[in-house]
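The values are calculated or read from the model by the stated rules, or taken from the named source; none is laboratory data. Note that the structure is predicted; figures quoted are calculated from it, not measured. Cβ placement follows ideal geometry from the backbone for every residue including glycine, while neighbour counts extend to all protein chains displayed.
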Amino acid sequence: MPFGLINTPEVFMDLMNRVCKPYLDKFVIVSIDDIFIYSSRNKEYEELLRHILELLKNKELYAKFSKCEFRLPKVHFLSHVVDSQDIHGDSAKIESIKD
């Protein structure tokens, strides 16, 4: 989808929210052009990932593999850092505010 169009991010996010609706906030978060799949267990994560990829395929939507990242130990999301232990404020953002 060309992102040069004005409403394209909103349209994409709306589409992905509709496609992933049964799974939102259970193990999926959609934000702008990102799809976050989360689980505390590796085996479960693999199953959930496979499930979402199949869902996308069935809807004729595809993820670009070169832009995908898997099993990240921490994720920067909406000015926060999310890891396996907690959610923290993004220290880079905090430092820029202090300065």
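Given the criterion at pLDDT below 85, under 15 Å from the mean Cα position of the chain (by Cα) and β-branched (V, I, T), identify the matching residue among V75, V30, V19. First the steps, then the outcome.
Values: V30 fails: at pLDDT below 85; V19 fails: at pLDDT below 85.
Answer to the check: V75.
Within region 33-85, which strands (runs of 3 or more DSSP E) (wholly inside it) include 3 or more residues that are closer than 20 Å to E10 by Cα and of a type outside the set (K, R)? First the steps, then the outcome.
On the way: elements: 34-37, 74-77, 80-83.
Hits in region 33-85: 34-37.
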Hits in region 32-59 - residues which are among the hydroxyl-bearing types (S, T, Y) and surrounded by 13 or more Cβ atoms within 10 Å (Cβ to Cβ): Y38, S39, Y45
Just checking, how many residues over region 24-49 are out of contact with any helix residue (DSSP H, G or I) (no Cβ under 9 Å at 6 or more places or on another chain) and of a type in the set (A, V, I, L, M)? 2
Report every pair of residues separated by at least 6 positions or lying on different chains whose Cβ atoms are under 6 Å apart, first residue within region 53-82 and touching a residue at least 24 places away in the same chain (Cβ under 8 Å), second part of a helix (DSSP H, G or I) and surrounded by 12 or more Cβ atoms within 10 Å (Cβ to Cβ). K59/V19
